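Below: the structure, in structure tokens.
The values are calculated or read from the model by the stated rules, or taken from the named source; none is laboratory data. No experiment lies behind these values; they were computed from the predicted model shown. No Cβ is skipped: glycine too gets one built from the backbone with ideal geometry, and neighbour counts run over all protein chains shown.
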Amino acid sequence: MVLRKLTIWGALSGASILESIRRKDLWVAVILSVLMIGAAGMLGRFGVKGLETFLKSAALTVVNLLSVVLAVIFTARQIPEEVSRRTVYPLLARPISRFDLLFGKFLGAYALSLLGLLLFALIAFGALKWFGLGVGTIFWQYLFLRALILGVVCAVTIGLSVFMTPQAAITISLLLAMVSQTFSSAVMLLEADSQQAGKLFLHGTYFALPQFNLFDLSSRVSFGWTTIPTVTVLQLTVYALLHIAAWLMLGALRFKRQAL
Amino acid sequence: MTAQVGGVPALHVDGLTVGYKPGPLQPTKYVVHGLSFSVQPGEVIGFLGPNGAGKSSTIKAVMGFVTASAGSAKVFGHDAGSITARENIGYLPEVALYYPFLTPMETLRLYGTLQGIPKEKLRAESLELLKRVGLEGREKHQLRTFSKGMQQRLGIAQALLGSPKLLILDEVTSGVDPIGRRHLRELLGEVKKTGTTIFFSSHELDEVAQLCDRVLLLHGGRLIEERIMDEKLRSGIGSALEDYFVTTMEQATLRKAA
């Protein structure tokens, strides 16, 4: 049973990965990241103060930005594209559940996003080495947490993509990922002045929506800080897994009842 | 393939009603009304009707793509849409654009793996099927280079993967040229000889006349006629059936208007 499920998910994700690689989506982003990080490097060479921090910060911003944008775009089209091409029918005519299809597609998008993250990180790492800058052990913690949050990004996006158009899913997912910091600060500010019911609502919203900024260690890497405690990394791992499971279940519940 | 086949109909539809909600606050629009029919194992059934008659909606309900508002459908005794029911079905949707960046072999590998066909058997079967549908020599070409007719041939190959006991084909020769149509008709004739039950919708009455044992005529979501294909209906390769089809539909339209 487990082997059968793994085979199904593997086949679905494998086909998605193969198609995206042949579509060359990833390579456009890789070229873009080389250009952006290269441009930041050149700018640094022309006498920006605090060169090391600037370069690290610029390189990691490119990694953060491109990896999230790619993850959202890859994931948002997985299910809607199957529906619009009508290939969802021969897929679901096979003895598989709709959850299998959703989860297989999620895995494919997540694997592609991880591949993108690794390529961008490699480019950033190479560029920083080129400029003679070390990144320290915290860089690996940063990468691990980025990998985790990309899982949440993919789960949120695929969950939303069965409720709305791919364009709307992309917009909302990107907004959630990009304005996470602003949202958390706003919730904390509002909570201080709220009544009991308001506090409850704000708490609920805070925990229902994934707080992407909790996973961002790029400033710590840029400023050369020490690593964060392992227990915090574990807590964040559990937090990410819970959100992935919740968003996938939400998407699966909707997809199960959807008329195709 | 775990389903029990002996004695039970290949497909049994009982009082099937299918409706869609055009919008969140709009009332349900019913497109199939209390449809009932039965298909015996080994039969070849033509499911006919004008555009909007409810053929595709019925097929979607049988496949479990939409939930029936009322009634039921069973495939070899198993609830339509269940995983066990789908183990016995090969399905061709009405016009699908398969993965443009995959090759036919990769596409069949995907569907075959989901079907649970062992890897070694799958490769041999895929090559054989591509040969049978006339895509030999195109195994490694990406599908974006394929015409609509070639995509449809691939669709038939994927439907035949795993030798299903029930083949459900929605507009089987849609987009296929006359030579390809003849080729596919011969192929379906061969499949029929193996005892496979075939249930297909088509507007091509020639192929219906040549292949079917029985036809079901649908109009406005209701079954209006069910007829065994006799020599009289087969005569003139489709023209007698065409006359019968047009007359029956016109009468149904008049009855509905009255």
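Taking B:GLU94 as the residue in question, decide whether it is more than 7 Å from chain A (Cβ to nearest Cβ) and either touching a strand residue (DSSP E or B) at 6+ places or on another chain (Cβ under 9 Å) or on the phi > 0 side of the Ramachandran plot (or both). Walk me through how you get there before you give the answer.
Working: more than 7 Å from chain A (Cβ to nearest Cβ): yes; either touching a strand residue (DSSP E or B) at 6+ places or on another chain (Cβ under 9 Å) or on the phi > 0 side of the Ramachandran plot (or both): yes.
Yes: the conditions hold for B:GLU94.
Out of B:LEU187, B:LEU154, B:LEU169, B:LEU211, which single residue is out of contact with any Phe, Trp or Tyr (no Cβ under 9 Å at 6 or more places or on another chain) and either at pLDDT below 90 or within 17 Å of B:LEU129 (Cα to Cα) (or both)?
Details: B:LEU154 fails: out of contact with any Phe, Trp or Tyr (no Cβ under 9 Å at 6 or more places or on another chain); B:LEU169 fails: out of contact with any Phe, Trp or Tyr (no Cβ under 9 Å at 6 or more places or on another chain); B:LEU211 fails: out of contact with any Phe, Trp or Tyr (no Cβ under 9 Å at 6 or more places or on another chain).
Criteria check complete, one pass: B:LEU187.
For residues that are in contact with a helix residue (DSSP H, G or I) (Cβ under 9 Å, 6 or more places away or on another chain) and part of a loop (DSSP other than H, G, I, E, B), scanning just segment A:80-102, find the one that is surrounded by the most Cβ atoms within 10 Å (Cβ to Cβ).
A:ARG94
Quick one: how many residues across segment B:60-80 are facing chain A (nearest Cβ under 9 Å) and either free of Cβ contacts under 8 Å to residues at least 60 places away in the same chain or on the phi > 0 side of the Ramachandran plot (or both)? Quick ask: steps written out before the conclusion?
So in segment B:60-80, the residues facing chain A (nearest Cβ under 9 Å) come out as B:60, B:63-67.
Pick out the ones that are also either free of Cβ contacts under 8 Å to residues at least 60 places away in the same chain or on the phi > 0 side of the Ramachandran plot (or both) and you get B:60, B:64-67.
Residues meeting the conditions: 5.
Which pairs have Cβ atoms under 8 Å, sit 6 or more apart or on different chains, and link a residue in segment B:10-29 that is free of Cβ contacts under 8 Å to residues at least 60 places away in the same chain and aromatic (Phe, Trp, Tyr) to one that is assigned to a loop (DSSP other than H, G, I, E, B) and surrounded by 11 or more Cβ atoms within 10 Å (Cβ to Cβ)?
The qualifying pairs are B:TYR20/A:ALA259; B:TYR20/B:THR28; B:TYR20/B:VAL66.
State all residues of segment A:127-140 that are buried (at least 20 other Cβ atoms within 10 Å of the Cβ) and under 29 Å from A:GLN211 (Cα atoms); if no residue qualifies, say none. Lay out the reasoning, then the answer.
Applying the first criterion (buried (at least 20 other Cβ atoms within 10 Å of the Cβ)) to segment A:127-140 yields A:127-128, A:135, A:139.
Result: A:LEU128, A:VAL135, A:PHE139.
Which is in contact (Cβ under 8 Å) with a residue 60 or more places away in the chain and within 25 Å of B:MET150 (Cβ to Cβ), of B:LEU218, B:LEU184, B:LEU169? Walk me through how you get there before you give the answer.
Details: B:LEU218 fails: within 25 Å of B:MET150 (Cβ to Cβ); B:LEU184 fails: in contact (Cβ under 8 Å) with a residue 60 or more places away in the chain.
The conditions single out B:LEU169.
Going residue by residue through segment B:230-238, is there one that turns out to be farther than 20 Å from B:GLU190 by Cα, of a type in the set (A, V, I, L, M) and touching a Ser or Thr at 6+ places or on another chain (Cβ under 9 Å)?
Among the residues of segment B:230-238, not one is farther than 20 Å from B:GLU190 by Cα, of a type in the set (A, V, I, L, M) and touching a Ser or Thr at 6+ places or on another chain (Cβ under 9 Å), which makes the answer no.
Find the residue count for segment A:1-23, including only residues that are assigned to a helix (DSSP H, G or I) and either away from chain B (no Cβ under 11 Å) or of a type in the set (A, V, I, L, M, F, W, C) (or both).
12
Name every residue in segment A:226-245 that is assigned to a helix (DSSP H, G or I), of a type in the set (A, V, I, L, M, F, W, C), over 11 Å from A:GLY151 (Cα atoms) and in contact (Cβ under 8 Å) with a residue 24 or more places away in the chain, in order of residue number.
The answer is A:VAL233, A:LEU236.
Out of segment B:19-68, which residues are of a type in the set (D, E, K, R) and closer than 22 Å to A:PRO95 by Cα? Let's see the steps before the verdict.
Of the residues in segment B:19-68, the ones of a type in the set (D, E, K, R) are B:21, B:29, B:43, B:55, B:60.
B:LYS60, the sole residue that qualifies.
Please determine whether any residue of segment A:24-38 is part of a helix (DSSP H, G or I), more than 14 Å from chain B (Cβ to nearest Cβ) and surrounded by 23 or more Cβ atoms within 10 Å (Cβ to Cβ).
Of segment A:24-38, the ones part of a helix (DSSP H, G or I) are A:25-38.
From what is left, the residues that are more than 14 Å from chain B (Cβ to nearest Cβ) are A:28-38.
Those left that are additionally surrounded by 23 or more Cβ atoms within 10 Å (Cβ to Cβ): A:33, A:37.
Yes: segment A:24-38 contains one or more residues that are part of a helix (DSSP H, G or I), more than 14 Å from chain B (Cβ to nearest Cβ) and surrounded by 23 or more Cβ atoms within 10 Å (Cβ to Cβ).
State which residue is farthest from the other protein chains (Cβ to nearest Cβ) when the search covers only segment B:141-150 and only residues that are in a helix (DSSP H, G or I) and buried (at least 19 other Cβ atoms within 10 Å of the Cβ). Spell out how you get there, then give the answer.
Within segment B:141-150, the first condition is being in a helix (DSSP H, G or I), and the residues that meet it are B:143-145, B:148-150.
With buried (at least 19 other Cβ atoms within 10 Å of the Cβ) added as a condition, the list becomes B:143, B:150.
On the way: B:LEU143: 10, B:MET150: 15 Å.
Within segment B:141-150, the match that is farthest from the other protein chains (Cβ to nearest Cβ) is B:MET150.
Checking the condition under 30 Å from A:LEU101 (Cβ atoms) and not hydroxyl-bearing (Ser, Thr, Tyr), which residue from A:VAL135, A:VAL153 passes? Even if it seems obvious, please write down each step before you answer.
Numbers: A:VAL135 fails: under 30 Å from A:LEU101 (Cβ atoms).
Selected residue: A:VAL153, the only one of A:VAL135, A:VAL153 that is under 30 Å from A:LEU101 (Cβ atoms) and not hydroxyl-bearing (Ser, Thr, Tyr).
Residue check: is A:LEU189 within 9 Å of the chain's Cα centre (by Cα) and either assigned to a helix (DSSP H, G or I) or crowded, with 19+ Cβ neighbours inside 10 Å (or both)?
Numbers: within 9 Å of the chain's Cα centre (by Cα): no; either assigned to a helix (DSSP H, G or I) or crowded, with 19+ Cβ neighbours inside 10 Å (or both): yes.
So A:LEU189 does not fit the description; no.
Are any residues in segment A:92-101 farther than 14 Å from B:ASP170 by Cα, among the hydrophobic types (A, V, I, L, M, F, W, C) and facing chain B (nearest Cβ under 7 Å), and if so, which ones?
Filtering segment A:92-101 down to residues farther than 14 Å from B:ASP170 by Cα leaves A:92, A:94-101.
Filter once more, so that each one left must be among the hydrophobic types (A, V, I, L, M, F, W, C): A:92, A:96, A:99, A:101.
Passing the criteria: A:LEU92, A:ILE96.
Can we say A:PHE183 is within 27 Å of A:PHE103 (Cβ to Cβ), more than 14 Å from the chain's Cα centre (by Cα) and part of a helix (DSSP H, G or I)? Break it down into steps so the answer makes sense when it comes.
Details: within 27 Å of A:PHE103 (Cβ to Cβ): no; more than 14 Å from the chain's Cα centre (by Cα): yes; part of a helix (DSSP H, G or I): yes.
Here the answer is no, as A:PHE183 does not meet what is asked.
Quick one: is A:LEU119 closer than 25 Å to A:TRP140 by Cβ, in contact with an Asp or Glu (Cβ under 8 Å, 6 or more places away or on another chain) and aliphatic (A, V, I, L, M)?
On the way: closer than 25 Å to A:TRP140 by Cβ: yes; in contact with an Asp or Glu (Cβ under 8 Å, 6 or more places away or on another chain): no; aliphatic (A, V, I, L, M): yes.
The answer is no for A:LEU119.
Of the residues that make up segment A:148-164, is at least one within 14 Å of chain B (Cβ to nearest Cβ), of a type outside the set (D, E, K, R) and without any contact (Cβ under 8 Å) to a residue 40 or more places away in the chain?
Our first condition is that a residue be within 14 Å of chain B (Cβ to nearest Cβ); within segment A:148-164, this holds for A:163-164.
Next, from what is left, pick out any that are of a type outside the set (D, E, K, R): A:163-164.
Subset that is without any contact (Cβ under 8 Å) to a residue 40 or more places away in the chain: A:164.
The answer is yes, given that some residue of segment A:148-164 is within 14 Å of chain B (Cβ to nearest Cβ), of a type outside the set (D, E, K, R) and without any contact (Cβ under 8 Å) to a residue 40 or more places away in the chain.
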